[in-house]
Amino acid sequence: MEAARQAEVRAVPALAIARDVAAAAEWVLHEGILGARSQVIAQYGPDSNAVQMLGLKRKSERKRPTRKSSAPAA
């Protein structure tokens with residue numbers, strides 16, 4: 001029983017280290033994807049087909065804001 005308890009005590013910090021390494025790797029991937037998106041927008045423009053191929057909306061496809069008409073009070 002004591003050996004199993006010692007193995008558990010040694011495994012907890014190893015799990016925390018592995019969790020931190022995995023989270024850091026996820027952040028590196030996320031920042032890389034965001035960087036690639038911004039580079040495509042910078043290189044090809046916000047209204048290009050390359051932006052649409054990344055899954056983003058082209059600037060011309062965005063809905064223009066509309067002014068709400070004020071209805072007269074009855």
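Here, each number is a calculation from the coordinates, and none is a lab measurement. Not measured: the values here are computed from a predicted model. In this analysis, Cβ positions are derived from the backbone assuming ideal geometry, glycine residues included, and neighbour counts consider all displayed protein chains.
Numbers below:
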{"quantity": "Cα-centred dipole magnitude for the stretch 2-58, charges only on beta-carbon of K, R (+1) and D, E (-1), debye, nearest 20", "calculated": "180"}
{"quantity": "Sparse-neighbour loop sites [trypsin sites (Lys or Arg not before Pro); the stretch 13-59; at most 14 other C-beta within 10 Å; DSSP]", "calculated": "Lys57, Arg58"}
{"quantity": "Which label in [x] 17.5; [y] 14.7; [z] 13.0 gives the computed Kirkwood radius over Cα pairs in Å", "calculated": "[x]"}
{"quantity": "For the chain, built as a Gaussian network whose Cα springs stay under 10 Å, the top-fluctuating residue of Ser60, Ser48, Ser38", "calculated": "Ser60"}
{"quantity": "Inter-probe distance in nm under a simple model that places probes 7 Å from Cα toward Cβ, at Lys63 and Val12", "calculated": "5.2"}
{"quantity": "Listed residue (Ala25, Ser38, Pro13) projecting farthest to the positive dipole end of the chain, Cβ model", "calculated": "Ser38"}
{"quantity": "Tilt relative to the chain, helix 2-44 - C-alpha long axis, 0 to 90 degrees, to 10", "calculated": "20"}
